[in-house]
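Chemist: Just dropping this structure here.
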Amino acid sequence: MAASLEAPQLSPALSVPESTSTVNVRVIDTNTLVFLKPELFWQPEIDGFAGLHAPIYCFLISNGNRHVVFDLGVRPDWQNYAPKIVSLIKATTVVTPGSDVASMLDSDDSGVNIRSIDVEAVIWSHNHFDHIGDVSTFPPTTDLVVGPGVRAVSWPGWPQQPEAIVRDSDAEGRVVHEISFETSLKIGRFDAFDFFGDGSFYLLSAPGHAVGHLCALARTTAGDNPSFVFMGADACHHPGVLRPSNYLFLPPEAELQHGLSSPEQCPGALLQRHLTSPNEPFFTVSDGPLFPDRDAAMDTDTSVPEDDQSMESKSAKN
């Protein structure tokens, strides 16, 4: 496939405050899969793409001897979520359960030696079942951190409120902190909160998918060529919502494999027929209930590629 394209735009400056402080980010594979139906998350539909089994990852962030976990994934005994959520799971998805984060930390024999009792806070990116896990598996010394407005829409939980989507036990006996983005700090277009106060780890306000939805940005190396890990949570559910973009075009040439019985003569046509423009994403977020503020969700999804390419450009220049 060949096309004549203008050069991609330079991404806006990311504007991460300079810092010599870093964190260590460990990805926790909970061995859990959740089936995503395309029509619930992105559009337009594509023939033959019936959905995907998404792996559920969580993140252990360490700043010296301070440790937090970003998201807890799905509790293995998902039938013990609030009844409204159990019904939702049965009606809309398939869960292949794995392990819970606290048990994985407590049984880990890799030598990392960070246990659930060492975790000072669990951070929920938002209050959906595939992110909240079971906070009660952590000791009461572990705080719960949530985004703006989450407390009001979450508690009282079940069983006090029969229609609640979280349990009372998620907050019972522990401190719940609700993040405020009232300062002028920004990372790219995201309002930001400096979690440790040293520029090593930021929570980002990324609204649209859920009340108080959070992303995170971790600085993993410092100096003239810093590196970062971006934790997107549910800012999008498929990379086709983000790419191509004005900063990362569809390649002018593509090597693709397709079945011998396919009538397509050019592999690139497999992409072209689903794409209206080489610099616009394959998908947009769906019009359904999983994006109650669709305009905000789309704005979040245009902000992510800017940060993505800004970080890549910074690395390339140094």
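The values are calculated or read from the model by the stated rules, or taken from the named source; none is laboratory data. Values in this document were obtained by computation on a predicted structure and should not be read as measured data. Because the Cβ atoms are built from the backbone with ideal geometry, glycine has one as well, and the counts that use them run over all protein chains shown.
Chemist: Taking the criterion of being surrounded by fewer than 18 Cβ atoms within 10 Å (Cβ to Cβ) and more than 19 Å from the chain's Cα centre (by Cα), would at least one residue in the stretch 211-220 satisfy it?
Modeler: Let us first name the residues in the stretch 211-220 that are surrounded by fewer than 18 Cβ atoms within 10 Å (Cβ to Cβ), namely 220.
With the extra rule that they be more than 19 Å from the chain's Cα centre (by Cα), the set shrinks to none.
No; the residues of the stretch 211-220 include none that is surrounded by fewer than 18 Cβ atoms within 10 Å (Cβ to Cβ) and more than 19 Å from the chain's Cα centre (by Cα).
Chemist: While we're looking at this one, here's another question. What are the residues in the stretch 159-183 that are over 19 Å from Phe201 (Cβ atoms), polar (S, T, N, Q) and touching a residue at least 12 places away in the same chain (Cβ under 8 Å), if any?
Modeler: Selection gives Ser169 alone.
Chemist: Answer yes or no as to whether Ala91 is free of Cβ contacts under 8 Å to residues at least 24 places away in the same chain, over 29 Å from Thr20 (Cα atoms) and touching a Pro at 6+ places or on another chain (Cβ under 8 Å).
Modeler: For Ala91, the condition - free of Cβ contacts under 8 Å to residues at least 24 places away in the same chain, over 29 Å from Thr20 (Cα atoms) and touching a Pro at 6+ places or on another chain (Cβ under 8 Å) - is not met.
Chemist: I'm checking my understanding of the structure. Among residues of the stretch 32-51 that are under 26 Å from Asp100 (Cα atoms) and touching a Pro at 6+ places or on another chain (Cβ under 8 Å), which one is surrounded by the fewest Cβ atoms within 10 Å (Cβ to Cβ)?
Modeler: Residue satisfying both the conditions and the ranking: Gly51.
Chemist: I need a count of the residues in the stretch 60-101 that are under 30 Å from Ala222 (Cα atoms) and either part of a strand (DSSP E or B) or within 21 Å of the chain's Cα centre (by Cα) (or both).
Modeler: 13
Chemist: Also: Considering only the stretch 1-46, state which residues are out of contact with any Asp or Glu (no Cβ under 6 Å at 6 or more places or on another chain), of a type in the set (A, V, I, L, M, F, W, C) and at pLDDT 80 or above.
Modeler: Val16, Val23, Val25, Val27, Ile28, Leu33, Phe35, Leu36, Ile46 - these are the residues of the stretch 1-46 that are out of contact with any Asp or Glu (no Cβ under 6 Å at 6 or more places or on another chain), of a type in the set (A, V, I, L, M, F, W, C) and at pLDDT 80 or above.
Chemist: Take the stretch 159-193 and flag every residue that is touching a Gly at 6+ places or on another chain (Cβ under 6 Å) and either part of a strand (DSSP E or B) or within 17 Å of Tyr81 (Cβ to Cβ) (or both).
Modeler: Correct list: Ala164, Val166, Arg167, Asp168.
Chemist: A follow-up question, please. Out of the stretch 111-136, which residues are hydrophobic (A, V, I, L, M, F, W, C) and either touching a residue at least 40 places away in the same chain (Cβ under 8 Å) or closer than 15 Å to Ala171 by Cα (or both)?
Modeler: Selection gives Val112, Ile114, Val119, Ala121, Val122, Ile123, Trp124, Phe129, Ile132, Val135.
Chemist: On to the next question. Which one of Tyr57, Tyr81 is in contact (Cβ under 8 Å) with a residue 60 or more places away in the chain and among the hydroxyl-bearing types (Ser, Thr, Tyr)?
Modeler: Tyr81
Chemist: Shifting gears a bit: I'd like to check something: does the stretch 60-78 contain any residue that is without any contact (Cβ under 8 Å) to a residue 24 or more places away in the chain, of a type in the set (Gly, Ala, Ser) and farther than 26 Å from Gly147 by Cα?
Modeler: Looking through the stretch 60-78, none of the residues is without any contact (Cβ under 8 Å) to a residue 24 or more places away in the chain, of a type in the set (Gly, Ala, Ser) and farther than 26 Å from Gly147 by Cα.
Chemist: Of the residues His131, His177, only one is crowded, with 22+ Cβ neighbours inside 10 Å, within 16 Å of Val68 (Cβ to Cβ) and not hydroxyl-bearing (Ser, Thr, Tyr); which?
Modeler: Going through His131, His177 in turn, just one is crowded, with 22+ Cβ neighbours inside 10 Å, within 16 Å of Val68 (Cβ to Cβ) and not hydroxyl-bearing (Ser, Thr, Tyr): His131.
Chemist: If you don't mind, there's one more thing I want to ask. Given the conditions (1) part of a loop (DSSP other than H, G, I, E, B); (2) closer than 17 Å to Phe70 by Cα, and given that Glu120 satisfies all but one, which numbered condition is not satisfied?
Modeler: (1) is the only condition that Glu120 fails.
Chemist: Give the stretch 52-66 a look and list any residue that's of a type outside the set (Ser, Thr, Tyr) and surrounded by fewer than 18 Cβ atoms within 10 Å (Cβ to Cβ), or say none.
Modeler: Within the stretch 52-66, Leu52, His53, Ala54, Pro55, Gly64, Asn65, Arg66 meet the criteria.
Chemist: Which number in (1) surrounded by 18 or more Cβ atoms within 10 Å (Cβ to Cβ); (2) free of Cβ contacts under 8 Å to residues at least 40 places away in the same chain; (3) over 15 Å from Trp124 (Cα atoms) marks the one condition that Leu144 misses?
Modeler: Here Leu144 clears every test but (3).
Chemist: Take the conditions of a type in the set (Gly, Ala, Ser), surrounded by 13 or more Cβ atoms within 10 Å (Cβ to Cβ), on the phi > 0 side of the Ramachandran plot and touching a Cys at 6+ places or on another chain (Cβ under 6 Å) and apply them to Gly73. Does it pass? It would help to see each step written out before you state the result.
Modeler: On the way: of a type in the set (Gly, Ala, Ser): yes; surrounded by 13 or more Cβ atoms within 10 Å (Cβ to Cβ): yes; on the phi > 0 side of the Ramachandran plot: yes; touching a Cys at 6+ places or on another chain (Cβ under 6 Å): yes.
Judged against the criteria, Gly73 is a match.
Chemist: Hey, another quick one. Using the structure shown, decide if Pro156 is out of contact with any Leu (no Cβ under 8 Å at 6 or more places or on another chain), free of Cβ contacts under 8 Å to residues at least 60 places away in the same chain, within 20 Å of Arg66 (Cβ to Cβ) and part of a loop (DSSP other than H, G, I, E, B).
Modeler: Here the answer is no, as Pro156 does not meet what is asked.
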